[in-house]
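Encoded as structure tokens, the structure appears first; notes follow it.
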Amino acid sequence: QVQVVESGGGLVQAGGSLRLSCAASGSPFSTYHMAWYRQAPGQQREFVAAITTDRITNYADSVKGRFTISRDDFKNTVDLQMNSLKPEATAVYYCHARRTITSYWGQGTQVTVSS
């Protein structure tokens with residue numbers, strides 16, 4: 001069982017930056033592939049970024065070059081640094097942990113980007 005808790009959301013002006021953090025506990029964090037997703041009002045949840053246990057990263061085209069995902073297997077955390085934020089990035093951001101067929105979601109953290 002893994003518990004996933006996000007933090008770091010808030011209100012920021014367009015062009016600004018935010019850093020989200022996800023803390024995971026309960027099982028060896030280093031064995032989980034981690035990812036961030038987001039869900040805007042009235043929209044489906046969408047992929048943002050992922051990092052594997054080998055630290056291979058992958059990003060949605062819409063955030064490439066502006067967002068950076070990283071993990072710290074000693075602190076059991078995965079962060080999402082978001083730069084040059086746009087109003088369309090307004091959403092609830094969710095952390096996701098996956099190992100084989102098992103996956104866990106956090107409760108989400110709200111990010112609001114004002115224009």
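The values are calculated or read from the model by the stated rules, or taken from the named source; none is laboratory data. This structure is a prediction, so every number in the text was calculated from the model and none was measured. When we count neighbours, we look across all protein chains shown, and the Cβ atoms used for this are built from the backbone with ideal geometry, even at glycine. When the accessible area is computed, the model is the full protein with side chains, heavy atoms only, and any ligands, DNA or RNA have been set aside. Shrake-Rupley method; radii C 1.70, N 1.55, O 1.52, S 1.80 Å.
Restricting the first member to the stretch 101-115 and to residues that are hydrophobic (A, V, I, L, M, F, W, C), and the second to residues that are modelled with pLDDT of 95 or more and part of a loop (DSSP other than H, G, I, E, B), the beta-carbon pairs closer than 7 Å and six or more apart or on different chains are Val111/Gly9; Val111/Thr90; Val113/Ala14; Val113/Leu85; Val113/Lys86; Val113/Thr90. The combined condition, being within 19 Å of Val92 (Cα to Cα), part of a strand (DSSP E or B) and open to solvent by less than 60 Å² (accessible area, probe 1.4 Å), is fulfilled by Val4. For Val113, the stated conditions hold: it is modelled with pLDDT of 95 or more, over 14 Å from the mean Cα position of the chain (by Cα) and surrounded by 15 or more Cβ atoms within 10 Å (Cβ to Cβ).
For the stretch 69-108, a tally of residues being open to solvent by less than 70 Å² (accessible area, probe 1.4 Å) and out of contact with any Leu (no Cβ under 6 Å at 6 or more places or on another chain) returns 26.
The residues in the stretch 63-90 that are without any contact (Cβ under 8 Å) to a residue 24 or more places away in the chain and either of a type in the set (Ser, Thr, Tyr) or on the phi > 0 side of the Ramachandran plot (or both) can be counted, and the count is 3. Considering only residues of the stretch 42-55 that are without any contact (Cβ under 8 Å) to a residue 40 or more places away in the chain and open to solvent by 60 Å² or more (accessible area, probe 1.4 Å), which is nearest to Ser114 (Cα to Cα)? Looking at residues that are without any contact (Cβ under 8 Å) to a residue 40 or more places away in the chain and open to solvent by 60 Å² or more (accessible area, probe 1.4 Å), I get Gly42. Considering only the stretch 8-37, state which residues are more than 22 Å from Arg99 (Cβ to Cβ), open to solvent by less than 60 Å² (accessible area, probe 1.4 Å) and in a strand (DSSP E or B). Scanning the stretch 8-37 gives Gly10, Val12, Leu18. Within the stretch 20-57, the set of residues being under 15 Å from Tyr94 (Cα atoms) and modelled with pLDDT under 95 comprises Ala24, Pro41.
Based on what the data block shows, is Ser17 in contact with an Asp or Glu (Cβ under 6 Å, 6 or more places away or on another chain), farther than 18 Å from Gln107 by Cα and modelled with pLDDT of 95 or more? For Ser17, the condition - in contact with an Asp or Glu (Cβ under 6 Å, 6 or more places away or on another chain), farther than 18 Å from Gln107 by Cα and modelled with pLDDT of 95 or more - is not met.
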